[in-house]
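The values are calculated or read from the model by the stated rules, or taken from the named source; none is laboratory data. Quick caveat: nothing in here was measured; it's all calculated off a predicted structure. Every residue, glycine among them, receives a Cβ derived from its backbone with ideal geometry; neighbour counts consider all protein chains shown.
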Amino acid sequence: MVSRRLDQQDSRDGRRVCIVGSGTRFLSGISYFTWHLASSLADRMPVSVILMRRLIPRFLYPGKERVGERLAAVEYPPEVAVYDGVDWYWVPTIFGAIAFLVRARPTHIVFQWWTGAVLHSFLLLTVVGRLVGARIVIEFHEVQDSGEAQFLAARRYVRAFARLLMRLADGFVIHSEFDRAQLEQRFGIGRRAVAVIPHGPYDHHQPQSAIPRREAPPEAFNFLFFGTIRPYKGLEDLIEAFEALSDEAPERFWLTVIGETWEGWTTPATMIRGSRHRERITFVNRYVADAEADGWIAGADAFALPYRRSSASGPLHLAMSAGLPIVVTAVGGLPEAAGNYAGAVFVKPADPMNLAGGLRAVTQMRHERFADPHTWGVSSDRLLDLLDSIDRRQGLAPPTDRRSL
């Protein structure tokens, strides 16, 4: 589906950007990121979008029960031309994507990378993009999805072919310095342009205007865990920390867990069922729609994000957009993402007792709200700076007045 005639697109400085990312059929944080980035750039120049629609066979997807449901309350601006989208098995959707890309004539294509499931499609679209004269940028959210990387065949496939994709790229975007070493180690980026660009805010949620949802009594401090339940998310550490905290004063605390189980990781669900404080834990074990999520966020007093590893975190940016206090582990790129957020309390990973101390500390921030240090305007500026740098390296004159567009 194309939302607008591509031949209507033009730019005062000749720059046209195409973003290749995730659609909403297999909804994830990358779906929202793609929408935010395209919407932000569309205020400055012509933007087109190619979405990956069916990422893998549905029966293999951890959230297969809700695939295709209308869960996201986001719509692309009418001025953004959208092709939705490319299926993993290609026929016939890849031919439509190629035709769309040729007609769009982008000067730059920004690919959102997070999984090997899109590698074959990205490779073909990259080749087509280079044939029409586009410069290629790869934006990294993960080196490889952690669940996918458990499978030897998937690891070998990405190792064998992802380097080819990276060699075709003119530049890269990472969200933290933590990712730079991983990128170099896995893919060998050499001296090509790399920009560290902060993840923009997830302000598509509007908890400030939502009716709060909470089972916690008004006097209890309600900790919210939000997001998919996977081994690296550390939810089992949070449950153990909550039990230690609740042993001290059960009536003071409540834990709300909103999340869909992935990778068969049922340990947290088992721990919740067996908890001696089970009556003080709300457990919604599914992927919730945006409107429902707004209510749960509005009913929370703080976020608890006990990751054991992470390059970036959508729930972290959602929490900062809501202005809530956050207890978060100091792993991966998270200290860089939330280092300037006044409401963040950092704790050690895989250490429930240290996490319990962080939960105690954050209760002192109840009813406080904090400013999100991130904006999509800044993120867009830095991306355009990277495109300028790539153009200069190739002897092309970048636009001089883009911020006035």
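Scanning the stretch 52-96 for residues that are in contact (Cβ under 8 Å) with a residue 40 or more places away in the chain, in a loop (DSSP other than H, G, I, E, B) and in contact with a helix residue (DSSP H, G or I) (Cβ under 8 Å, 6 or more places away or on another chain) gives ARG53, LEU55, ILE56, VAL67, LEU71, ALA72, ALA73, VAL74, TYR76, VAL80. Being more than 16 Å from TRP114 (Cα to Cα) and either at pLDDT below 95 or not polar (S, T, N, Q) (or both) is a property that holds for PHE226. With respect to ASP381, determine if the residue is among the acidic types (Asp, Glu) and over 21 Å from TYR307 (Cα atoms). Yes; evaluated as a whole, the condition is true for this residue. In the stretch 120-140, the qualifying residues are those that are within 11 Å of MET166 (Cβ to Cβ) and part of a helix (DSSP H, G or I), and the one that is nearest to the chain's Cα centre (by Cα) is PHE122. Just checking, does the stretch 275-284 include any residue being charged (D, E, K, R), under 20 Å from HIS367 (Cβ atoms) and surrounded by 17 or more Cβ atoms within 10 Å (Cβ to Cβ)? Within the stretch 275-284, not a single residue is charged (D, E, K, R), under 20 Å from HIS367 (Cβ atoms) and surrounded by 17 or more Cβ atoms within 10 Å (Cβ to Cβ).
Does GLY234 meet the test of being out of contact with any helix residue (DSSP H, G or I) (no Cβ under 7 Å at 6 or more places or on another chain) and not aromatic (Phe, Trp, Tyr)? Considered against the rule, which asks whether it is out of contact with any helix residue (DSSP H, G or I) (no Cβ under 7 Å at 6 or more places or on another chain) and not aromatic (Phe, Trp, Tyr), GLY234 comes out as yes. Here the stretch 253-278 is the region considered, the condition is being touching a residue at least 60 places away in the same chain (Cβ under 8 Å) and either outside the structural domain of ARG213 (by TED's automatic domain parsing) or of a type outside the set (A, V, I, L, M, F, W, C) (or both), and the residue that is farthest from LEU305 (Cα to Cα) is GLU263.
Show me the helices (runs of 4 or more DSSP H) entirely contained within the stretch 281-389 in which 2 or more residues are touching a Phe, Trp or Tyr at 6+ places or on another chain (Cβ under 6 Å) and modelled with pLDDT of 95 or more.
314-322
Exactly one residue out of HIS108, HIS120 is surrounded by 20 or more Cβ atoms within 10 Å (Cβ to Cβ) and either out of contact with any Gly (no Cβ under 8 Å at 6 or more places or on another chain) or among the aliphatic types (A, V, I, L, M) (or both), and it is HIS108.
So which residues in the stretch 245-258 are farther than 15 Å from ALA300 by Cβ and either modelled with pLDDT of 95 or more or not in a helix (DSSP H, G or I) (or both), if there are any at all?
ALA249, ARG252
Residues in the stretch 161-194 that are among the polar types (S, T, N, Q) and either closer than 22 Å to ILE19 by Cα or surrounded by 19 or more Cβ atoms within 10 Å (Cβ to Cβ) (or both): SER176 alone.
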